[in-house]
1. If amide hydrogens are placed 1.01 Å from N in the peptide plane, which non-local residues have theirs closer than 5 Å to the one on THR7?
2. Across 5 Å bins from the origin, how do the percents of Cα pairs in the stretch 17-148 run, short distances first?
3. Modelled label-to-label distance, LEU86 and TYR20, 7 Å Cα→beta-carbon offset: nm?
4. When the Karplus curve 6.51 cos²θ - 1.76 cosθ + 1.60 is applied with θ = phi - 60°, which whole-Hz ³J(HN,Hα) does each residue of the stretch 48-55 get, with x for Gly and Pro?
5. So how much slack lies between LEU36 and VAL100, counting 0.36 nm per residue of separation and subtracting their Cα-Cα distance, in nm?
6. Given H placed on each backbone N at 1.01 Å, which residues far from ALA106 in sequence or on other chains put an amide H within less than 5 Å of it?
Amino acid sequence: MNNDTITKSQLAAYKPTTAYVGTSWAVMLVGVLAYLLGLWNAQSMLLNEKGYYLAVLALGLYAAISLQKTLRDRSEGIPTTNMYYLISWAALGLSIALIVMGLMNAGGLSLSEKGFYMMAFTMSLFAAVTIQKNTRDEAQIRTLTASPMTTVKNDGSAKIAHQGAPESDSGKSLFGSVKSRMEGND
């Protein structure tokens, strides 16, 4: 096997396991449901306060996913604008600042309730980023194994034909290096 050949089993090593994907979804479900149930049962909160915390959760989830995608795009050499990159960071920072300030100024909540909301918020953000990463990893593996440039041999290895000019930044990430190796730019 030379540098132009990579086996499907080598690619499969980069695929997230079913257990990890399932656990990520379970953590997301538990985090968001716990947060929402906490809001639903918060009798000392007015409806507008509940709306505030719900909006902060939605902003945080979107910002975390968006930032993770932008960072991954950059690491793989996919062009992204600096403006969007900075907006993603700002939105994530703003969501964290808003929940911290909201909880610090929530006089009707006990310290344990404040900790509960912060824990559920943090858990949900982490799970959202992990789910986005898993989804991207699985899509990348599917793309690499189903590439039209691929010729599968009887021994399970895949020969990658050279097509077009290779991207100079393709080796910056794990999948970029795999892609680079598959294209023979090793």
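What follows draws every value from the coordinates through simple rules; no lab data is involved. All values derive from a computational prediction rather than experimental measurement. No Cβ is skipped: glycine too gets one built from the backbone with ideal geometry, and neighbour counts run over all protein chains shown.
1. Distant-sequence amide H within range of THR7: ALA158.
2. 2, 10, 17, 19, 16, 13, 10, 6, 4, 2, 1, 0, 0
3. 3.4
4. 5, 5, 4, x, 4, 5, 5, 5
5. On the way: separation 64, 0.36 × 64 = 23.04 nm, distance 1.71 nm.
Going from the current span to full extension adds 21.3 nm.
6. Excluding prolines and chain starts, which carry no amide H, there are no hits.
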